[in-house]
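Reviewing the structure listed below.
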Amino acid sequence: MEYKPCPFCGSIWTDITADYNRKIRTYFVRVECLACGAQTRAITDCNAPEDTEWNDDACRKAKELWNARDTSRR
């Protein structure tokens with residue numbers, strides 16, 4: 001799935017990231033613009049996204065959230 005440009009700065013430099021919270025044993029997956037720091041809300045998952053080559057449900061939902069944002073107002 002391709003990423004749309006950032007709706008805030010127009011950059012095409014995006015990345016999907018996952019942070020692990022040991023206390024609640026959950027990954028927080030999000031897409032982030034590497035130029036301005038804009039990001040989607042976190043999608044939670046109990047499985048490591050790296051183990052599924054960043055192609056699990058949480059990763060797909062984060063990508064869909066990123067691409068659903070309206071870039072026509074720039």
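The values are calculated or read from the model by the stated rules, or taken from the named source; none is laboratory data. Predicted, not measured: the structure shown is a model, and the values here were computed from it. Every residue, glycine as well, gets a Cβ built from its backbone with ideal geometry; the counts of neighbours run over all protein chains shown.
Would you mind stating whether residue 22 is more than 12 Å from the chain's Cα centre (by Cα), more than 13 Å from residue 4 (Cα to Cα) and at pLDDT below 95?
no
Give the residues of segment 32-65 that are closer than 12 Å to residue 7 by Cβ and either touching an Asp or Glu at 6+ places or on another chain (Cβ under 9 Å) or at pLDDT below 90 (or both), sorted by residue number.
Those that are closer than 12 Å to residue 7 by Cβ and either touching an Asp or Glu at 6+ places or on another chain (Cβ under 9 Å) or at pLDDT below 90 (or both): 33, 38, 39, 40.
What is the number of the single condition among (1) at positive phi; (2) under 14 Å from the mean Cα position of the chain (by Cα) that residue 15 does not meet?
With respect to (1) at positive phi; (2) under 14 Å from the mean Cα position of the chain (by Cα), residue 15 is out only on (1).
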